[in-house]
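Here the structure comes first, spelled out in structure tokens, and everything after it is commentary.
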Amino acid sequence: MTMTDPIADLLTRIRNAIASRHETVDIPSSKMKLEIVRILKEEGYISNYTVSGEQKKGTVRLYLRYAAGKVPAITTLTRISRPGCRVYADKSRIPTVQGGMGVCVMSTSRGLFTGKQAQQKGLGGEVLCTIS
């Protein structure tokens, strides 16, 4: 069976690992997933990640981040734009997540950025997911 939405699979694996209070989660690698994981690390939602094997067929291991008492750093992960219903936003309509407390990941013509970074660069694009 082929996977139709690898980004939704990435988000679901992270959600399931957090619900089970796992320290790490392994995800099949791709360029898009690595960029999303890089943004998660930059924004402080995960503590680290490692890539094993080649970029195409390798795996990415995420080290999930928890506060004291095993409270996860990520509370919600939501897929916005899906293969069946794409969602785009121009530079003036980039959504804010939880009043600026969360992050939306956007795919622009210059690569993947957070909503704030895309706004600073004056770019619009596809709204992939929101994280808070």
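Comparison of Glu54, Glu23 shows that the only residue that is of a type in the set (D, E, K, R), outside the structural domain of Gly100 (by TED's automatic domain parsing) and modelled with pLDDT of 95 or more is Glu23. Looking at Arg13, is it without any contact (Cβ under 8 Å) to a residue 60 or more places away in the chain and touching an Asp or Glu at 6+ places or on another chain (Cβ under 6 Å)? The answer is no for Arg13.
Just one of the listed residues (Arg86, Arg38, Arg82) is under 11 Å from the mean Cα position of the chain (by Cα) and surrounded by fewer than 20 Cβ atoms within 10 Å (Cβ to Cβ), namely Arg38.
Looking across Ser47, Ser52, Ser30, Ser20, one residue alone is small (Gly, Ala, Ser) and closer than 19 Å to Ser109 by Cα. It is Ser30.
Among the strands (runs of 3 or more DSSP E) confined to segment 72-132, the ones with at least 3 residues that are in contact (Cβ under 8 Å) with a residue 24 or more places away in the chain, within 20 Å of Lys31 (Cβ to Cβ) and touching a Lys or Arg at 6+ places or on another chain (Cβ under 8 Å) are located at 125-131. Assessment of segment 38-57 against the conditions (outside any helix (DSSP H, G or I), touching a Gly at 6+ places or on another chain (Cβ under 7 Å) and not charged (D, E, K, R)) yields at least one matching residue. Once segment 14-35 is narrowed to residues that are among the basic types (Lys, Arg) and crowded, with 16+ Cβ neighbours inside 10 Å, the residue that is nearest to Leu64 (Cα to Cα) is Arg15.
Residues that are among the basic types (Lys, Arg) and touching a helix residue (DSSP H, G or I) at 6+ places or on another chain (Cβ under 9 Å) within segment 66-80 comprise just one, Arg79.
Can you confirm whether Glu43 is of a type in the set (Asp, Glu) and under 18 Å from Ser132 (Cβ atoms)? It is true that Glu43 is of a type in the set (Asp, Glu) and under 18 Å from Ser132 (Cβ atoms).
The values are calculated or read from the model by the stated rules, or taken from the named source; none is laboratory data. No experiment lies behind these values; they were computed from the predicted model shown. Please note: Cβ atoms are built from the backbone with ideal geometry, for glycine as well, and neighbour counts cover all protein chains shown.
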